[in-house]
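Report on the following structure.
The values are calculated or read from the model by the stated rules, or taken from the named source; none is laboratory data. The model shown is predicted, which means the values in this text are computed figures rather than measured ones. With ideal geometry, Cβ positions are generated from the backbone for all residues, glycine too; neighbour counts draw on all protein chains shown. Surface areas here come from the heavy atoms of the whole protein model, side chains and all, with no ligands, DNA or RNA. Shrake-Rupley method; radii C 1.70, N 1.55, O 1.52, S 1.80 Å.
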Amino acid sequence: MQLSFTGPQSFYNGISAVQEALSREVRKVVNEPQPGINVPFNKPYLTGNEHKYIKRVLSSGKLSGNNEFTRKCEEYFKVHYGAKECFLTSSCTDALEMSAVLLDIQDGDEVIVPSYTFVSTAIAFLMRGAKVIFADSREDHPGIDESKLESLITDKTKAIVVVHYGGVACDMDMVMDIAEKHGVYVVEDAAQAIDGYYKERPLGTIGHMATFSFHETKNIISGEGGMLVVNDDRFIDRAEIIREKGTDRTKFLRGEINKYGWVDIGSSYLPSDYTAAFLYAQLEQLPLIQENRLNIWQRYHNELQELEALGHVMLPAVPEYAKHNAHIFYLVLPDLQQREALRNYLKSEGVSAVFHYNPLHSSKYYKQKHDGRELVNCDKYDDCLLRLPMYAGMSLGEQKTVINKIWRFFLEK
Ligand SMILES: *Cc1c(COP(=O)(O)O)cnc(C)c1O
């Protein structure tokens, strides 16, 4: 398959002017970098309206969840992305746990999960008694290898959980076809995937359910925060109850019943309305944030692609069917030693580049429980992948520092 960057054409043009203007806009509210030092790996971006909206919640006297801003945020996803029903939660981990409860995961059920992901993707299902079957990454991309999924399905398989790594879509037609053929559910862990698309379809609207994260390291943030999207009608009523400690309080809040009570299992997954207020201030500026990030991503790509041509690194591969959201820019080095050499060099030069995801199948907790299959691509990304600093508001100067130092590392090698 032909792999290429398929971002909107406009991002190829006038990148520096636009990036500087957008970054200036964003920097007004983010601390100016100290001259001469560090390019951090991440810097939370603030739109400026967070304080105003939080104040509004404080003076309204309605601090708990499911109030004005909770509904506004949920509405945003329904209107902009066509998500069927949305449930703001305190984290993506919470949303994943809700999905496991809704799918009625029981002891012995099998759930297929990529190994190259954050712990939450697996643990939410494990806590319900599932046996987690870890899948390998693709050779050309850290995302789950869709072509191997079918071989992992047994008569105990209840669900496939896919992660859109770095906001790059998995091949969802393929995943949904396999799931339908075998009667299993699909949960999209879209923690990193806000505003990413699969063939024009927004990520998070394709699987039976999907989960988002608004942790401060993601594109759109609220400190801690998450959301469950339910795209299948059968789960909507119960999702409301699970989020509210097993009660039908949400119906009560809507005035549909005159008292509420305990009707099911559940937990306390609803965030405070001031968390939602923070999030709403972010969502309002999503187009600005995204354009800024895409510019930064594209500049890295342009300025470093010769290193790929020279055989020093592999740049992120984006399948034609995916429009990514510039969540992560990474390099893949030939081996662990070279990855660590570059990482340490950048660190000594004040640039923070990081690696991530010790594969879950070989983690301290799971290694004895894993069925022993080798997951070679996943291990390769664990050893060789390096994430570069990437945040809305990154100045041209900061980015040039990163790019120049990477070039210097290879030229002086
Ligand atoms: C960040 C992340 C999570 C966890 O999100 P929280 O909101 O911190 O619970 C889960 N899965 C993936 C793929 C993530 O990147």
Explain nothing, just compute: Karplus ³J(HN,Hα) = 6.51 cos²θ - 1.76 cosθ + 1.60, θ = phi - 60°, for every residue of the stretch 295-309 in order, whole Hz, x for Gly and Pro. 4, 5, 4, 5, 5, 3, 4, 4, 7, 10, 5, 5, 5, 5, 4
Residue order for Val354, Val57 - accessible surface, 1.4 angstrom probe, largest first: Val354, Val57
Have a look at Ser91, Val168, Leu149 and report the one farthest towards the positive end of the charge dipole of the chain, computed about the Cα centre with Cβ charges (Lys/Arg +1, Asp/Glu -1). Ser91
What are the ³J(HN,Hα) couplings of the stretch 228-239, residue after residue, when phi is run through the Karplus curve with 6.51, -1.76, 1.60 and θ = phi - 60°? Round to Hz, x for glycine and proline. 9, 10, 10, 9, 10, 3, 4, 9, 5, 4, 6, 4
Which links in Lys78/Lys199; Lys52/Lys400; Lys148/Lys181; Lys131/Lys199; Lys131/Lys364; Lys158/Lys218 stretch past 24 Å when you go from one Cα to the other? Lys52/Lys400; Lys131/Lys199; Lys158/Lys218
Can you list residues from other chains, or at least 5 along the same chain, whose modelled amide H is less than 5 Å from the amide H of Lys131? Gly108, Asp109, Glu110, Val111
Given bins 5 angstrom wide, list per bin the percent of all Cα-Cα distances in the stretch 59-284, short to long. 1, 7, 15, 20, 20, 16, 11, 6, 3, 1, 0, 0
Of all DSSP beta bridges with both partners in the chain, the antiparallel percent, nearest 5, is 60 percent
Could you estimate the translational diffusion coefficient of the stretch 286-411 from the Stokes-Einstein equation, with Rh from the Kirkwood formula over C-alpha pairs, at 4 °C and 1.567 mPa s, in whole µm²/s? 81 µm²/s
Under the rule of at least 5 residues apart or a separate chain, name every residue whose amide H is placed under 5 Å from the amide H of Thr247. Val263
Provide the convex hull volume over Cα atoms per residue for the chain, in Å³. 141 Å³
Cross-link partners among aspartates and glutamates for Lys405, C-alpha distance below 19 Å, same-chain residues fewer than 8 apart left out? Glu303, Glu306, Glu308, Glu340, Glu349
What are the ³J(HN,Hα) couplings of the stretch 117-124, residue after residue, when phi is run through the Karplus curve with 6.51, -1.76, 1.60 and θ = phi - 60°? Round to Hz, x for glycine and proline. 7, 6, 3, 3, 4, 8, 5, 4
Considering only protein heavy atoms and a probe of 1.4 Å, how much of the accessible area of the stretch 59-284 is carbon and sulfur, as a whole percent? 49 percent
